[in-house]
Amino acid sequence: MYKIMFSAGEVSGDLHGARLAEAIQKKQPDAVLFGFGGAQMAAAGVRLAANMSDYSVMGFWEAFKNLRRLFCLRDALTAVMAAEKPDLLVLIDYPDFNWRLAKQAKKLGIPVLSYIPPSAWAWRQGRAKDCARLADEFLAIFPFETKVYEAAGANISFIGNPLVDTVRPSLSRDEAKRYFDIAADQCPILLLPGSRRQEISLLLPVMLAVAAKIQAEYPSTVFFLPVAQGLDRQPMEAMARQAGVSIHFTTDYTYDLMGCCQLAIATSGTVVLEAALMGLPSIVLYRLSPISYWIGRLLVHVKYFSLPNILAGKEIQPELLQSEVNPKRILAETRRFLSDTAYASVVRNQLKQACRLLGEPDAAGRAAEHILTAAARSGQKKGRLSGENL
């Protein structure tokens, strides 16, 4: 029986952690899984020592302001590790916190595996060496992640991306259109303001402002907004009423809805890649608080910030950053998609090509094999040490 501790602090990490837990339990039903995560991991059988919904923040400055709470969380999880003595600590993204926890694990003699390692390929490349000293193994879900870690001497493997398995429709396109009451003459557009309250406060107002302009210019458009699990939709509904725009708020069949829509206006993140896997082009928005953006400009050196463009190595769909995130610019990009069918078709085809680089299906299964092998190796070592102490 293996004891495996997880640490994931964001919605996307919770999703990856849940799929990972399911794959591990399928291969090793008696594995004990516990740690830091969210509702999806809990539903997948991970016993939560702390819930990530209480700690999710976005941006450098916001993380700095929450340092005291995060240090308390680190200490609490360190105490859990000391008491539970897991065979392995699995870090799932959330780097600024997780690598502090990794240091505590190493002090306790607990091996560390990094699933979705820090983006050293984009910024702070020197931390790849620091991470390589702390983690025994790295599992990458993007092919462009491995080079900088290999140069740092890390044991890293590209195992494919689990979204290839999970991002699939549940309904046929006709069934989905009936479910969402989308008429044949309507042009559905998806608004994806993110899952963090801070993202929503920064991006939803401009999304609603441009939605009102789009509806006035293209009367056949209809807008949908999937509400992330755990978010209160009422404030968003009030914002839509104040903006004078009709929005259909939804909570289920999001991938099916993506398959029905012509376009998404989305905050940068995993959801943009999910949309790409469903063949849905996005106008990608990225906006931080001024101080976080200023710090980011000093540290981050990437040509593109949305995952499909990074995979492709070129801008295959538009990215708007900071001051570019305004109704006039978003409307101009929307017109291009709605008025130029050839352009929209080219974008869809290039998204399909980019998504092929994500690897073959069953990435979570391959990750589970690596994790169980590492846990077994740790268990054998503990057994030897116990024998030596007798």
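Figures for the structure shown
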read-out	value
Residue that is nearest to residue 351 (Cα to Cα) [pool: residues in segment 212-235 that are in a helix (DSSP H, G or I) and touching a residue at least 40 places away in the same chain (Cβ under 8 Å)]	214
Every residue from segment 7-53 that is free of Cβ contacts under 8 Å to residues at least 12 places away in the same chain and surrounded by fewer than 16 Cβ atoms within 10 Å (Cβ to Cβ)	29
Residues of segment 102-130 classified as over 21 Å from residue 380 (Cβ atoms), more than 20 Å from the chain's Cα centre (by Cα) and at pLDDT 95 or above, total	4
Unmet criterion (only one of (1) touching a Phe, Trp or Tyr at 6+ places or on another chain (Cβ under 8 Å); (2) in contact (Cβ under 8 Å) with a residue 60 or more places away in the chain; (3) among the small types (Gly, Ala, Ser)) for residue 160	(1)
Residues being closer than 21 Å to residue 182 by Cα, under 25 Å from the mean Cα position of the chain (by Cα) and crowded, with 18+ Cβ neighbours inside 10 Å - total across segment 229-252	1
Residue in segment 183-211 that is farthest from the chain's Cα centre (by Cα), counting only those that are of a type in the set (D, E, K, R) and part of a loop (DSSP other than H, G, I, E, B)	185
Cβ pairs under 8 Å, 6+ apart, first in segment 253-271 and assigned to a helix (DSSP H, G or I) and surrounded by fewer than 24 Cβ atoms within 10 Å (Cβ to Cβ), second modelled with pLDDT under 95 and among the polar types (S, T, N, Q)	270/12
Subset of segment 147-162 [among the hydroxyl-bearing types (Ser, Thr, Tyr) and at pLDDT 95 or above]	157
All positions within segment 162-182 that are out of contact with any strand residue (DSSP E or B) (no Cβ under 8 Å at 6 or more places or on another chain) and assigned to a loop (DSSP other than H, G, I, E, B)	162, 167, 168, 169, 170, 171, 172, 181
Residue list for segment 208-228, filter: buried (at least 20 other Cβ atoms within 10 Å of the Cβ) and under 17 Å from residue 336 (Cα atoms)	210, 211, 214
Exclusive hit being under 21 Å from residue 355 (Cα atoms) and among the acidic types (Asp, Glu), set 145, 137	145
Test: residue in segment 324-343 that is at pLDDT below 90 and not charged (D, E, K, R)	no
One residue from 180, 144 being touching a helix residue (DSSP H, G or I) at 6+ places or on another chain (Cβ under 9 Å), at pLDDT 95 or above and among the aromatic types (Phe, Trp, Tyr)	180
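The values are calculated or read from the model by the stated rules, or taken from the named source; none is laboratory data. Because the structure is a prediction, the values reported are computed rather than measured. Virtual Cβ from ideal backbone geometry, glycine too; neighbours counted across all protein chains shown.
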